[in-house]
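Notes follow once the structure below has been shown.
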There are 2 protein chains.
Amino acid sequence: MGRTSDARSRILVAARSLLGQRGYSGLGVAEICRAAGVPKGSFYYFFESKEALALAVIDAEWTAERDDWERILGTDAEPLQRLRQLLEATEARQRAGQGSYGAVLGCMFGNLSLEMSNQADAIRLRLQEIFEAEVDLVEAVVSEAHRRGEVTLVSTRDAARSVVAQLEGQVLFAKLYNNPSQLGAVWLSCLALLGVHAGRHGDRLPHVQDVADE
Amino acid sequence: MGRTSDARSRILVAARSLLGQRGYSGLGVAEICRAAGVPKGSFYYFFESKEALALAVIDAEWTAERDDWERILGTDAEPLQRLRQLLEATEARQRAGQGSYGAVLGCMFGNLSLEMSNQADAIRLRLQEIFEAEVDLVEAVVSEAHRRGEVTLVSTRDAARSVVAQLEGQVLFAKLYNNPSQLGAVWLSCLALLGVHAGRHGDRLPHVQDVADE
């Protein structure tokens, strides 16, 4: 049992790395097994198909990322401050990926959404759930800022979705230009998307001065 | 010569359609030739490699899209109105693609950026040029609105880039949810990103009322 679960976990680790670097379509089961040091014959003992493996990789990635998001968005800091920390953590993660692989790998969920969502229904549905959960997490902190009168919004849901869309769009640029610093622009864009207004309650938010005035 | 150039053009048309639907990695030269009705042996007479074909497809797609963008952004309408028309045209194009293929295909440049940009330098550079050109086109109209006092910005370049990022992020959602209506949200997000303020010169922009107030 020890060796068995070890092989499964080695396949998962190898697939997560290869999928992040190369996407789904260009990847073969044989290559994954070679990278994992597992005989190809045993692959189907652990996974029904390459798609089933991809779903397991997506779940592992999301479990790790959701833990990060919940930890960062769940602190005692002010809500917009927590949002900013989330964006900074995203940039740091892309920078770490660039350090490890020599290239900004982007967001696995965004990558697979564009590569696969119209080709594999199970993957599409899983990715939809993940993005809804991301929007949920952002919406919670946006709603908190809204109750505090720090943001001006018609709909906290739409605003949260536009924040996640902005993040995905700028992660696309970070990958395209192989430059995580692209993500430095996301914070000011998010403030604009949230209609952040300084001075409403007689005090200024710490990071708003850049966008408050012309 | 007539038949020769016809075969090249059939390969291009088939590749453009297949690349849009399935991405790059999952696509083989044999399949493209079959769809084009061209013998596989003649493929390399026209294209040095699959990558060279992809670059030709990207160029064809960009030529068509740039023509659209320049036409829409070059009318006599007010600058923000032109920007809105660009976003509406994007939604209409995604809707038409869904009608033809049964699935929202997204933006070919965004799709290939996430699938390929860290795997093929020539493709990465071409896509960078295209996105810079898109940001140029958006920046021109944003600058015009800025001179008219209709937008509040620190940097027209950063704002234009954030608009294109927002569009790419929402096109990702449109593809993921197979729902072009996702793009209906882009206009209000762009107004927010541009810091559009109504009433600055005593009049209201026609579409700003939704975001001007809480």
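What follows is calculated from the coordinates using simple rules that are stated; it is not laboratory data. Since the structure is predicted, the reported quantities are computational estimates derived from the model, not experimental observations. Methodologically, a virtual Cβ is constructed for each residue, glycine included, from the backbone with ideal geometry; neighbour enumeration extends over all protein chains shown.
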Region B:32-77: which GluC sites (Glu not before Pro) are DSSP loop and have at most 14 other beta-carbon atoms within 10 angstrom? B:GLU48
Hey, if you put +1 on the Cβ of every Lys and Arg and -1 on every Asp and Glu Cβ in chain B, which of B:ALA165, B:ILE58, B:LEU183 ends up farthest toward the positive end of that dipole? B:ILE58
How much FRET efficiency would the formula 1/(1 + (r/R0)^6) give for A:ASP6 and A:ASP59, where r is the Cβ-Cβ distance and R0 is 30 Å, rounded to 0.05? 0.95
Among the Cα-Cα pairs of region A:57-212, the proportion with separation greater than 18 Å, in percent, is 60
Mind checking the mean number of beta-carbon atoms from other chains within 10 Å of the Cβ atoms in A:130-139? 1
For a footprinting-style exposure proxy, rank A:SER117, B:SER189, A:SER181 by other Cβ within 10 Å, fewest first. A:SER181, A:SER117, B:SER189
Degrees between helix B:156-176 axis and first principal axis of chain B (Cα, 0 to 90, nearest 10): 60
Just to confirm the numbers: B:ALA133, label point 7 angstrom along the Cα-Cβ line, distances to the other copies in nm, shortest first? 4.0
List, in order, the whole-Hz ³J(HN,Hα) value for each residue of region A:98-113 obtained from phi through the Karplus relation with A = 6.51, B = -1.76, C = 1.60 and θ = phi - 60°; use x for Gly and Pro. 4, x, 6, 10, x, 8, 5, 8, x, 9, 4, 6, x, 4, 6, 4
Applying the Karplus parametrisation 6.51 cos²θ - 1.76 cosθ + 1.60 with θ = phi - 60° to the phi angles of region B:189-196, what ³J(HN,Hα) value in whole Hz is obtained for each residue in order, glycine and proline being reported as x? 4, 5, 4, 5, 4, 8, x, 5
Label spacing, shortest first and in nm, from A:GLY28 to its equivalents in the remaining copies (7 angstrom along Cα→Cβ): 1.1
Taking a straight Cα-to-Cα line shorter than 30 Å from A:LYS175, and setting aside same-chain lysines fewer than 8 residues away, one finds A:LYS50, B:LYS50, B:LYS175
Net dipole in debye of region B:73-133 [+1 Lys, Arg Cβ; -1 Asp, Glu Cβ; about Cα centre; nearest 20]: 160
With Cβ to Cβ distances under 9 Å as the rule, what net charge do the other residues near B:VAL104 carry (K, R +1; D, E -1)? +2
Which value, in debye to the nearest 20, describes the size of the charge dipole of the protein assembly as shown about its Cα centre when Lys and Arg Cβ atoms bear +1, Asp and Glu Cβ atoms bear -1, and nothing else is charged? 1500
Residue-wise, which Karplus ³J(HN,Hα) couplings in Hz belong to region B:19-28, taking 6.51 cos²θ - 1.76 cosθ + 1.60, θ = phi - 60°, and x for glycine or proline? 5, x, 7, 10, x, 8, 5, x, 10, x
Would you kindly give the portion of the calculated P(r) for the protein assembly as shown that falls above 39 Å, as a percent of all Cα pairs? 22
Helix A:50-73: inclination vs chain A longest Cα principal axis, degrees, rounded to 10, gives 30
Where N is the number of residues in region B:67-113, Cα Rg divided by 2.2 N^0.38 Å: 1.31
